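What follows is one structure encoded as structure tokens, with my remarks underneath.
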There are 2 protein chains.
Amino acid sequence: MSRDDGKSPGALRIVLAEDQALLRSALTTLLNFEPDLDVVRACADGEAAWLAVHELKPDLLVSDIEMPVLTGLELAVRIAERGIRTKVVIVTTFARAGYLRRALDAGVVGYLLKDAPAEQLADALRKVQRGVRVVDPQLAVAAWSESDPLNERERRVLRLAGEGVSAADIAAQLHLSHGTVRNYLSEAIGKLGAANRIEAYRLARQKGWL
Amino acid sequence: MSRDDGKSPGALRIVLAEDQALLRSALTTLLNFEPDLDVVRACADGEAAWLAVHELKPDLLVSDIEMPVLTGLELAVRIAERGIRTKVVIVTTFARAGYLRRALDAGVVGYLLKDAPAEQLADALRKVQRGVRVVDPQLAVAAWSESDPLNERERRVLRLAGEGVSAADIAAQLHLSHGTVRNYLSEAIGKLGAANRIEAYRLARQKGWL
DNA sequence: ACTGCGGAGTGACATCTGTCACCCCGATCG
DNA sequence: CGATCGGGGTGACAGATGTCACTCCGCAGT
């Protein structure tokens, strides 16, 4: 059904993954407007996107990060692992160094922000197809600046604390002692230069480290 | 400049306010595609939108809620206060009863969710123009369920507390005493059935009461 | 076998939080 | 006028949180 809509035979075949319906449908329409681009499927979650990539072997997967079932990053990892030739471009709201780092590690070839205008998206996709890596410039810098100072234990503890769980309850959940949890939190707070757990949580989250 | 692009003379003149550039430009393009709709300006924040409404007196303002400088709800209130005849339609990610309630109080004529497909948007705008109120059906119900138990002081205090500001600092910022702030927080925590400020903040926020 | 190191824990201390009972004062109502 | 109410405040107390110094243990290295 995507072959009779006036696309040139060599058009770039794209699978789009984005959970917000409004944006999904708007982007599908816009991209399909370009004669050399062909959105062959638009998916609302990571699982559907994975199936679509598997079934249709598109040239490109254009994906959000925060989606139900499977995130865009997990999707990218899977695609790399299975050696599928579909190139992955991430399009996300989150200008977080941690996300970009993880995306690049997963072999993603493009990382764009949702606060760039739509026109740039089509251009970026063409560049990517020609083999150019496209990363939003602000982020390319940020990614090499700070790296996540937290270790896995601190992350786990901070994540729970950020949801309002008390030190005692965190200790119970993680089978640690009350005091140890507080030590970890204290370390995390120190490393992040925060004044308390709430601020620490916010900072870590906004950097994409949580 | 918006008169020579093939719109019919009676086309609906629309100002669009949405902070995410990708969505903003995509919607502008899509809506302009409809011959009877004319996006005369697309703004990235509430302040710009306010100026645009003032200057252009459009038929419709289509606005996001969470935007820099001035939220969509504040914008709606202002428009109502000044007696401007522009109708306001809110388009947001947030299916929160509190937001809808406040929007309706501010005289908004449409409240749509970003997880409806784009085609519905144009339809909704036409309906609104014909004088029909359009509210996303799931929400219309939810809006009458629980009502916001917090008063303005509790809201202000809780908002700051949720950002990691300590009781003492909140007191300083709001010119209240240390103890009073804690009293307000305590009330808020109680009313929301939370265990501490962090949980209270999360609950209030997710209900759209913050 | 001695050393070093990282994960986990303890104990003590100063603050911060959450709760509650009660006070003060200006407005509003009967 | 007296009663009552709401915003704001105080003081006291228990418990939670943040910080630090120090211990214990297992597991590399050499």
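For the reader, a short list of remarks on this structure follows.
- Charge sum, other residues only, whose C-beta stays under 12 Å from B:Ile65's C-beta, Lys/Arg counted +1 and Asp/Glu -1: -2
- Considering only chain B, percent of DSSP beta bridges that pair antiparallel, nearest 5: 0
- Each Cα pair under 8 Å and six or more residues apart adds its separation to the average, and for the range B:11-139 the resulting relative contact order is 20 percent.
- Theoretical FRET efficiency, 1/(1+(r/R0)^6), r = Cβ-Cβ of B:Arg126 and A:His178, R0 60 Å, to 0.05: 0.50
- Acute angle (nearest 10 degrees) that the helix A:118-129 long axis makes with the longest principal axis of chain A, alpha-carbon atoms: 80
- Dimensions of the range B:125-210 based on its C-alpha atoms, expressed as ranges along the principal axes with the largest first, amount to 53, 25, 18 Å.
- Cubic angstrom per residue, convex hull over Cα atoms of the range B:1-100: 98
- Spatial offset of the range A:82-123 relative to the range A:1-77 amounts to 13 Å, using the alpha carbon center of each.
- Rounded tilt (10° steps) of B:152-162 against the dominant C-alpha axis of chain B: 80
- Using the rule -39500 (n - 2.57) for each DSSP H run of four or more residues, divided by the residues of the protein assembly as shown, the 222 nm mean residue ellipticity is -15500 deg cm²/dmol.
- Cα→Cβ-extended label distance, 7 Å offset, between A:Ala80 and B:Glu74, nm: 4.2
- Debye, to nearest 20: dipole size of the range A:12-145, +1 on Lys, Arg Cβ, -1 on Asp, Glu Cβ: 460
- Inter-copy label distances for B:Glu152: 5.1 nm (label point placed 7 Å from Cα along Cα→Cβ; shortest first).
- With its label point defined 7 Å out from Cα along the Cα-to-Cβ axis, B:Leu56 lies at 3.4 nm from the matching points of the other copies, in increasing order.
- For the protein assembly as shown, a crude dipole built from +1 on the beta carbon of Lys and Arg and -1 on the beta carbon of Asp and Glu, taken about the Cα centre, is about 540 debye to the nearest 20.
- In sequence order, calculated HN-Hα J values of the range B:166-178 (Karplus, 6.51, -1.76, 1.60; Hz; x Gly/Pro): 7, 4, 4, 5, 4, 4, 4, 5, 9, 6, 10, 8, 2
- Shape call, the range B:163-207: gyration tensor on alpha carbons, a/c limit 1.5: prolate
- Cα-based helix-to-principal-axis angle, B:46-56 vs chain B, degrees rounded to 10: 30
- For A:Ala42, the amide hydrogen comes within under 5 Å of the amide hydrogens of A:Leu16, counting only partners 5 or more places away or on other chains and with H modelled in the peptide plane.
- Considering only alpha-carbon pairs that sit under 8 angstrom and 6 or more positions apart, the relative contact order computed for the range A:152-207 is 36 percent.
- Take A:Arg82, move 7 Å from Cα toward the beta carbon, and the resulting point lies 5.4 nm from the same point in each other copy, nearest first.
- Partner chain coverage, peptide B:106-118 - average Cβ within 10 angstrom: 3
- Shielding score for B:24-31, defined as the mean number of other chain Cβ atoms within 10 Å: 6
- Cα-based equivalent ellipsoid of chain A: semi-axis lengths in Å, sorted from largest, via gyration tensor: 39, 17, 14
- Globularity index of the protein assembly as shown, i.e. its alpha-carbon radius of gyration over 2.2 N^0.38 Å: 1.08
- Projecting the Cα atoms of A:Ala161, A:Leu185, A:Gln206 onto the charge dipole of the range A:152-207, computed from C-beta unit charges around the Cα centre, puts A:Gln206 farthest toward the positive end.
Values quoted throughout were computed directly from the atomic coordinates according to the rules given, and no laboratory measurement underlies them. Just so it is clear, the structure is predicted and the values come from calculations on it, not from any experiment. Virtual Cβ from ideal backbone geometry, glycine too; neighbours counted across all protein chains shown.
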